[in-house]
Amino acid sequence: MVQPLGHVAVGLLFALPAWILWDGRTSVAFIAFVLVTSRLPDIDLALQSLGLPVKHHGVTHTVVFVVGFAIVAGFLLTAVLSPLLRRWWQTSEGEDVSRETIYAFVIGGLTLGGLGHLLADALASDWAEPIEPFWPIFEASFEIGVVSYDSMWANLGLLIVAVGLHLPLVATDVFPLETRFREWTVELPDLQGNDGY
């Protein structure tokens with residue numbers, strides 16, 4: 001599942017809770033963010049291209065890196081994105097969304113995207129060295145190895161399953177959990193000019 005298609009599919013699966021926590025474009029924004037961050041651990045390839053001695057499937061493919069990066073980058077991204085997101089989101093009372101809420105959104109997307117990438121790499125076999133996701137706590141390699149990394153059918157099949165799980169949640173507009181996050185969903189304006197009469 002290391003083809004980009006496989007990473008997108010696993011990212012979609014990891015982003016499914018968005019439909020439970022939010023509705024409308026907030027869920028779509030979170031899912032898109034998870035899909036972008038699902039490539040995060042492959043930053044080691046970019047570092048290699050710069051000539052740095054970084055091993056692929058090394059430290060960037062660990063839970064410690066993903067969570068640590070999410071915490072640090074989440075803090076920085078929240079500072080940068082807060083002005084934009086505050087204009088976009090409002091609470092049900094019309095108040096601005098708190099910085100802490102934006103931080104939870106950003107750190108959640110970074111973490112789910114990165115962890116989804118690790119799972120996708122673990123599912124693949126016969127491509128590269130297995131990852132050691134629990135390093136430095138455990139140095140054991142971890143490989144589920146259920147499919148070949150370049151299997152178009154496996155990657156496409158997983159993508160179809162992931163999209164198939166999202167579609168009913170979008171179509172039915174059913175959100176089973178009442179959470180505090182539901183208070184800060186985006187209220188879209190009534191474009192038809194109906195005043196409820």
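The values are calculated or read from the model by the stated rules, or taken from the named source; none is laboratory data. Since the structure is predicted, the reported quantities are computational estimates derived from the model, not experimental observations. With ideal geometry, Cβ positions are generated from the backbone for all residues, glycine too; neighbour counts draw on all protein chains shown.
Being closer than 16 Å to His7 by Cβ and modelled with pLDDT of 80 or more is true for just one of Leu110, Leu52, Leu47. Which residue is that?
Leu110
Within the range 140-163, which residues are within 11 Å of Ala124 (Cα to Cα), among the polar types (S, T, N, Q) and assigned to a loop (DSSP other than H, G, I, E, B)?
Across the range 140-163, the qualifying residue is only Ser151.
Could you grab me the full set of residues in the range 28-51 that are more than 11 Å from the chain's Cα centre (by Cα), small (Gly, Ala, Ser) and assigned to a helix (DSSP H, G or I)?
Ala46, Ser49
Report every pair of residues separated by at least 6 positions or lying on different chains whose Cβ atoms are under 7 Å apart, first residue within the range 41-56 and within 21 Å of Ala120 (Cα to Cα) and touching a residue at least 60 places away in the same chain (Cβ under 8 Å), second of a type in the set (S, T, N, Q) and assigned to a helix (DSSP H, G or I).
Listed pairs, sorted by first residue: Pro41/Thr60; His56/Gln48.
Kindly list, by first and then second residue, each pair from a residue in the range 71-99 that is surrounded by 14 or more Cβ atoms within 10 Å (Cβ to Cβ) and polar (S, T, N, Q) to a residue that is outside any helix (DSSP H, G or I) and at pLDDT below 80, limited to pairs with Cβ atoms under 8 Å and residues at least 6 apart or on different chains.
Once the first residue is surrounded by 14 or more Cβ atoms within 10 Å (Cβ to Cβ) and polar (S, T, N, Q) and sits in the range 71-99, its partners that are outside any helix (DSSP H, G or I) and at pLDDT below 80 give Gln90/Asp96; Gln90/Val97; Gln90/Val186; Gln90/Glu187; Thr91/Val97.
Go through the range 22-54 and give me each residue that's more than 21 Å from Phe69 (Cβ to Cβ) and out of contact with any Leu (no Cβ under 7 Å at 6 or more places or on another chain). Show your work before the answer.
In the first step, residues of the range 22-54 are kept if they are more than 21 Å from Phe69 (Cβ to Cβ); the result is 22-28, 51.
Within the range 22-54, Trp22, Asp23, Arg25, Thr26, Ser27, Val28, Gly51 qualify.
Listed residues Val36, Val28; which is without any contact (Cβ under 8 Å) to a residue 24 or more places away in the chain and surrounded by fewer than 20 Cβ atoms within 10 Å (Cβ to Cβ)?
Val28
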